[in-house]
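Enquirer: Here's a structure for you.
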Amino acid sequence: MFARNVAVIGTGYVGLTTGACLASLGHSVVCADSDRDKVDRLRKGQVDILEPELADLVADGTAAGRLTWVTEAGAAFEQGTRPVEIVFLCVPTPMGAGGLADLGVLEAVVDEIRTLLPPDCVLVTKSTVPVGTGDRITQLLDREDVAVVSNPEFLREGTAVHDFLHPDRIVVGSARQDAAERVAALYARLGAPTVLTDGPSAELIKYAANCFLAMKLSYVNAVAELCERVGADVVDVTEGMGYDRRIGQKFLSPGPGWGGSCLPKDTSALLQLADSADFEFRLVRAAIDTNSRQHKRMVDKIRLAVTGSRTGSLSKVKLALLGLTFKAGTDDLRDSPSLAVAALLRQAGADVVAFDPAVSPADDRLPLAVASDAYQAAADADAIVVLTEWPEFRRLDWPRLAACVRTPAVVDTRNLLDPSVLAQAGFTWSGVGRPA
Ligand code: UGA
């Protein structure tokens, strides 16, 4: 393999994983971030996000001199003896007005680096960007010698390093085939199927894939609701569906709704894109609506467990919420379904106390009380509600919890717990799409 000189601008989830993993593949990588404190911590091998293996890769790459850190994008191009050949843009593209991705930061960075980029380099977008962004960057750059390439990333939080190093596919798109091939060659060692295409198609692949996943989850959540209504068990139903290789077993677990920093943002953005192309993408709209409904459905389940009626009052009811992050294995709270359900419960008058293994009680990001363990959260609770599928919740001391609560009731929105273990401890249990 031929090692390349690479720069990565932005050290968020995607940028840091990209930089550290490309260095582990043998490339020389310089990462730039305008946050000086963060860069100082990274130089010492300290990683702020909870992501298995990432801190080790950062420390190894830094020690080996293959990973270096700068605070100004321009400085990234001055490192080393050989010029930087490939520059990755990994800056945030949050949801902006009307559900469209906000490209303010991205455009500011392009403006900052346009005259500083080394001659004949390739500028790559890794952030999820609206279709057409590559063309817009080409226009803003106004540099004949710099090719613009789209190379979307498909990593999941919590398994980012694994996903980067064992990808299902590599997608690279550009109007310049030679530039796309140069970028694809960075990943040659991974042996993954590679889709070489044009820029807009590469940009659309990312949205089309994430929206498909969101639709799959909303479909499963709707099937779970139907299971409840007709007396079927969603665990068996999805297992039976999943053996069909066209469907697959993955992404078939019902829950309190899908969240995180990607699926909600990307479904809204695809709707906007379709809208601007005069196309009403009803399937994606239905997936979003089904997801909002799922949050409300969880609240109705809690009403039923506590009051015996789906419309009973939650006023002054005390609830212990287990799990706040949008899924297990991350400390990310962005667009977490747990927080959406918690907000609805508070609106309904409930008194909620939460516990999450990745969220500190001192965390001031949250408008609700956070306990230091599950037992403290459960003190005098009228029900315990599992909202995130942290495996450690399975190992809780349920007889001890039974002694803490006012009423031994569990609403398990992730179907995480073993109902027989709970029954032995004296708890009633209700899951999602399963017989009680
Ligand atoms: C998602 C995609 O899965 C990645 O492929 C993509 O690269 C990433 O977005 C991105 O665009 O950067 P991520 O946001 O880390 O990854 O989260 P997922 O693992 O996809 O989970 C999304 C939500 O679906 C979570 O709230 C999770 O709890 C929920 N989920 C997932 C279920 O409710 N059931 C399942 O079976 C799987």
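Enquirer: Ranked by Cβ crowding within 10 angstrom, fewest neighbours first, how are Thr238, Thr11 ordered?
Expert: Thr238, Thr11
Enquirer: So, one more: Along the positive direction of the dipole of the chain (beta-carbon charges: Lys, Arg +1; Asp, Glu -1; about the Cα centre), which of Ser360, Gly26, Gly65 reaches farthest?
Expert: Farthest towards the positive pole: Ser360.
Enquirer: Still on this structure, please answer the following. Indicate, rounded to the nearest 5 percent, the antiparallel portion of the DSSP beta bridges found entirely in the range 5-196. If you can, show how the numbers build up before the last one.
Expert: On the way: 3 of 27 bridges.
About 10 percent, rounded to the nearest 5.
Enquirer: Amide H neighbours of Thr428 under 5 Å, at least 5 residues apart or on other chains, H built in the peptide plane: list them.
Expert: HN-HN under 5 Å from Thr428: Ala409, Val410.
Enquirer: What number, rounded to the nearest 500 deg cm²/dmol, is the helix-based mean residue ellipticity at 222 nm of the chain, given -39500 (n - 2.57) per DSSP H run of at least four residues and division by all its residues?
Expert: Computed ellipticity for the chain at 222 nm equals -12000 deg cm²/dmol.
Enquirer: Taking Lys296 as the anchor, which lysines have their alpha carbon closer than 17 Å to its alpha carbon, excluding any fewer than eight residues away along the same chain?
Expert: Counting by Cα, and skipping residues close in sequence, Lys296 has no lysines nearby.
Enquirer: Hey, if you put +1 on the Cβ of every Lys and Arg and -1 on every Asp and Glu Cβ in the chain, which of Pro193, Asn151, Pro391 ends up farthest toward the positive end of that dipole?
Expert: The one lying farthest along the dipole's positive direction is Pro391.
Enquirer: When we measure straight from the Cα of Lys206, which aspartates and glutamates land under 16 angstrom away, once same-chain ones fewer than 8 places off are left out?
Expert: Reachable aspartates and glutamates: Glu153, Glu157, Asp163, Asp168, Asp198, Asp266.
Enquirer: Answer rounded, prolate or oblate for the range 1-136, using the Cα gyration tensor with square roots of eigenvalues a ≥ b ≥ c: rounded when a/c is under 1.5, else prolate when a/b is larger than b/c, else oblate.
Expert: Numbers: a/c = 1.78, a/b = 1.27, b/c = 1.40.
In terms of gyration-tensor shape, oblate.
Enquirer: Something else now. Bin by bin, in steps of 20 Å, what percent of the Cα pairs in the chain do you find, going until the bin that has the longest distance?
Expert: Values per bin, smallest distances first: 24, 50, 24, 2.
Enquirer: By count of other Cβ within 10 Å, fewest leading, how are Cys90, Cys262 ordered?
Expert: Values: Cys90 27, Cys262 22.
Ordered by Cβ neighbours within 10 Å, fewest first: Cys262, Cys90.
Enquirer: So what's the gap between the Cα centers of the range 56-86 and the range 377-413, to the nearest angstrom?
Expert: Taking the Cα centre of each part, the range 56-86 and the range 377-413 sit 47 Å apart.
Enquirer: Let me ask something additional. Percent antiparallel among DSSP beta bridges with both residues in the chain, to the nearest 5? Intermediate values should be presented prior to the final figure.
Expert: Working: 3 of 45 bridges.
Percentage antiparallel, nearest 5: 5.
Enquirer: Shifting gears a bit: For the range 174-182, take each phi angle, set θ = phi - 60°, evaluate the Karplus expression 6.51 cos²θ - 1.76 cosθ + 1.60, and give the result in whole Hz per residue in order, putting x for glycine and proline.
Expert: 6, 6, 10, 3, 4, 5, 4, 5, 5
Enquirer: Oh, and also: Just to confirm the number: angle between the C-alpha axis of helix 337-347 and the first principal axis of the chain, 0 to 90 degrees, nearest 10?
Expert: Approximately 50 degrees, to the nearest 10.
Enquirer: I would also like to ask the following. For the range 30-35, what does the Karplus curve 6.51 cos²θ - 1.76 cosθ + 1.60, with θ = phi - 60°, yield as ³J(HN,Hα) per residue in whole Hz, taken in order and with x for Gly and Pro?
Expert: For the range 30-35, the Karplus-derived couplings read 10, 9, 10, 8, 6, 7 Hz, x marking Gly and Pro.
Enquirer: Moving on. Excluding residues on the same chain fewer than 8 positions from Lys327, give the lysines whose Cα lies under 18 Å from its Cα.
Expert: Lys216, Lys250, Lys265
Read-outs throughout are calculated quantities, based only on the coordinates presented, and are distinct from any laboratory measurement. Nothing here was measured: the structure is a model prediction, and the numbers come from that model. When we count neighbours, we look across all protein chains shown, and the Cβ atoms used for this are built from the backbone with ideal geometry, even at glycine.
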